[in-house]
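Presented below is the structure to which this report refers.
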Amino acid sequence: MDIRAEDFETEFARQPLARVYVVAGIEPLQVVEAADAVRRRARDEGFDERDILHAEPGFDWGQLATAGANRSLFAVRRIVELHLPDKGPGKPGSAAIADFLKQDAPDTLLLVVAPGLAASARKSAWYKAAARAGVVSYAWPLPISRMVAWIERRSEKRGLGLTREAARLLATQNEGNLLAAAQEIDRLALLHPEATVDHDEVRAAAGDHARFDIFDLPAKALAGDAAGAVKTLYRLRAEGVDAVPITWALVNDLRTLYQAALAARANRLDAYMNKIFMPVARKRQISDAARAAEPARLAALLRQAARTDAINKGAAAGRAWDELITLTIALSGHTPAARTTHPSFATTRSP
């Protein structure tokens with residue numbers, strides 16, 4: 001079954017839990033929320049263990065078969081969560097996923113997550129097999145017309161009423177950025193609980209609010225502006241933004257940069273960047289950073305980001321915001337101090 005990302009929540013609630021879910025796309029909020037919904041429901045239905053695999057270059061695809069075959073003495077149901085790069089799993093991975101789906105393993109749920117997925121990967125045998133065996137959902141950027149409907153549905157769930165003109169204005173202000181729109185909806189819901197907000201109130205709120213966009217954080221870090229990036233992180237934390245989408249934004253750019261750095265070493269950078277959907281200025285920034293970056297260092301940062309994600313999900317001990325500070329400074333090209341803790345984060349525990 002293939003479900004549009006904006007319809008995922010509704011359709012997911014109507015259907016029994018499937019054996020496999022593939023959630024991918026270039027709209028990070030929808031990918032994060034779809035994956036979280038699968039994890040929550042699977043836990044509610046007794047999938048008490050979770051194996052997380054990252055298919056980076058050199059990944060041993062035998063680990064996927066092993067994860068599916070492993071059984072714990074204390075839990076009989078498990079989630080196998082596979083994170084893919086945007087180019088997909090490649091031939092060995094495609095075969096490994098297809099073999100995994102052929103197994104008679106009703107007590108194992110496969111969740112595949114990707115920050116984007118090339119057209120060739122979405123046309124491959126493993127993707128089609130996943131659609132037959134379960135659910136695939138790819139998150140495209142929403143055009144204004146569909147974004148208005150998305151904003152109205154999300155606002156209603158947050159207890160916020162919006163006039164159609166107010167919803168259109170929010171969609172125009174945040175075109176192509178659901179994370180920013182979601183933040184604005186949450187903020188308006190706090191300012192106007194159980195009320196209906198009109199066009200003028202949305203416009204006034206936007207004028208009063210100096211937005212520190214989530215995507216501004218990795219942009220500043222990649223520009224080498226460690227102080228500016230950390231300042232943005234502090235502001236996001238103060239505004240009550242959750243660590244999960246911030247981590248996603250950093251990881252999304254970090255994975256893109258890593259793949260671009262590998263492409264640059266193989267003299268394929270232009271070809272790689274031409275396949276990516278992003279503003280021209282951001283492409284230029286990624287390209288410049290990729291030419292100067294060392295792939296081995298970026299691979300280490302990806303492992304560090306994986307730890308931050310594990311803390312966010314409660315799968316590892318630690319302070320999520322402290323980890324985000326360290327990762328942000330490292331991504332900017334600086335070496336963080338051994339303990340990088342801002343006073344306002346000192347009592348912050350991982351979510």
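The values are calculated or read from the model by the stated rules, or taken from the named source; none is laboratory data. Keep in mind that what you see is a predicted model, and the values were worked out from it rather than measured. Neighbour counts are summed over all protein chains in view; Cβ atoms, including those assigned to glycine, are modelled from backbone coordinates with ideal geometry. Ligands, DNA and RNA are excluded from the accessible area calculation, which covers all protein heavy atoms including side chains. Shrake-Rupley method; radii C 1.70, N 1.55, O 1.52, S 1.80 Å.
Of note:
- Ordered by solvent-accessible area of protein heavy atoms (1.4 Å probe), largest first, the residues K313, K91 come out as K91, K313.
- Total formal charge among the other residues, if their Cβ is under 15 angstrom from that of R43, Lys/Arg +1 and Asp/Glu -1: -1
- Per-residue accessible area (protein heavy atoms, 1.4 Å probe) orders T10, T108 as T10, T108, starting from the largest.
- Mean residue ellipticity, 222 nm, helices only, the chain: the sum of -39500 (n - 2.57) across DSSP H runs of n ≥ 4, divided by residue count and rounded to 500, is -17500 deg cm²/dmol.
- Amide H contacts under 5 Å for G25, placed H, 5+ residues apart: A114, G116, L117, A139
- Under 15 Å from the A281 label point (7 Å along Cα→beta-carbon), backbone N, segment 168-205: 175
- Using R0 = 35 Å, the C-beta based FRET efficiency linking A119 and A18 works out to 0.90.
- Size-normalised alpha-carbon gyration radius of the chain, reference 2.2 N^0.38 Å: 1.00
- The 1.4 Å probe gives accessible areas that order D242, D104, largest first, as D104, D242.
- For the pair A223 and H199, the difference between a 0.36 nm per residue extended length and the Cα-Cα distance amounts to 5.1 nm.
- Only protein heavy atoms count here; under a 1.4 Å probe, S120 has an accessible surface of about 80 Å².
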